Amino acid sequence: MRSLRLGVQVLVDVSESMVPFAEDRKQLLACVRAVLGPDRVEVQQFAGVPSRGVRRRAGAALHPFESPASGTPLLVLSDLGIGASVFSDELPDVEEWRHFAGVARRAGSRVVALVPYSSARWPRGLQRRMHLLHWDRHTTARAVLQELQR
C-alpha cells in the first residue's frame, strides 16, 4: 500500500537552466510542506543530477546523495537537463539519470520527477526508470496519482 507516512524527500534542481522556474519551485515546496507538514518534508538541492552531490541549503557543503529510508518517495523538481546549454558543466547525461533512478529504486524509493517541459522533450527511456510528469499550471494531484498507479 502506498503511503506518505514516512514523508517525502524533495530533490530540487538549482541548475542555471532551472532559474526561470525558481518562483514555481518555491510555491510547490510550500504546498508540499502545507500538505504533509514541514517535519515530514526533507529538501535537498542539486545541480545536474543528484548523484553528483546534494546540499541541504544554498551555500552549504556538497555531500554525496543518500537514499532515504526504504519506502520514502523521492520527488524530483528538475528539467532533467533539457533546458541546459550544451556547454554547461551542469548538463547531465541521460545515463546519469538512469543510474540515479536505479539506485533509488533498489533502496526502496519510488522516484517521481516533475519536469517543466512536455513529454515530447523528455530523454528517451527514462520513463521506464522513474515516473515523469509534465509540471505546469494544469498539473493536478489527480494526475500525479494516476501516474503513480501505472
Could you tell me which of the residues Ala104, Ala120 is of a type in the set (Gly, Ala, Ser) and without any contact (Cβ under 8 Å) to a residue 12 or more places away in the chain?
-> Ala120
Condition set in contact with a Phe, Trp or Tyr (Cβ under 8 Å, 6 or more places away or on another chain) and assigned to a strand (DSSP E or B), scope the range 38-56, selection most open to solvent (accessible area, probe 1.4 Å): answer is Arg55
Flagged in the range 97-116 as touching a Pro at 6+ places or on another chain (Cβ under 7 Å) and either at positive phi or small (Gly, Ala, Ser) (or both), in numbering order, are Ser109
Of these, Arg110, Arg121, Arg105, Arg98, which one is within 25 Å of Thr139 (Cβ to Cβ), touching a Lys or Arg at 6+ places or on another chain (Cβ under 6 Å) and either open to solvent by 50 Å² or more (accessible area, probe 1.4 Å) or at pLDDT 90 or above (or both)?
-> Arg98
Can you name every residue in the range 124-139 that is under 16 Å from Val49 (Cβ atoms) and hydrophobic (A, V, I, L, M, F, W, C)?
-> Leu126, Met130, Leu132
Could we say that Thr72 is open to solvent by less than 80 Å² (accessible area, probe 1.4 Å) and either over 28 Å from Val35 (Cα atoms) or at pLDDT below 90 (or both) here?
-> no
Go through the range 86-95 and count every residue that is out of contact with any Asp or Glu (no Cβ under 8 Å at 6 or more places or on another chain), open to solvent by 50 Å² or more (accessible area, probe 1.4 Å) and of a type outside the set (Val, Ile, Thr).
-> 5
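The values are calculated or read from the model by the stated rules, or taken from the named source; none is laboratory data. If you're wondering where the values come from, they're calculated on a predicted model, not measured in any experiment. Glycine also receives a Cβ, built like all others from the backbone with ideal geometry; neighbour counts cover every protein chain displayed. SASA here: full protein model, heavy atoms, side chains in, ligands and nucleic acids out. Shrake-Rupley method; radii C 1.70, N 1.55, O 1.52, S 1.80 Å.
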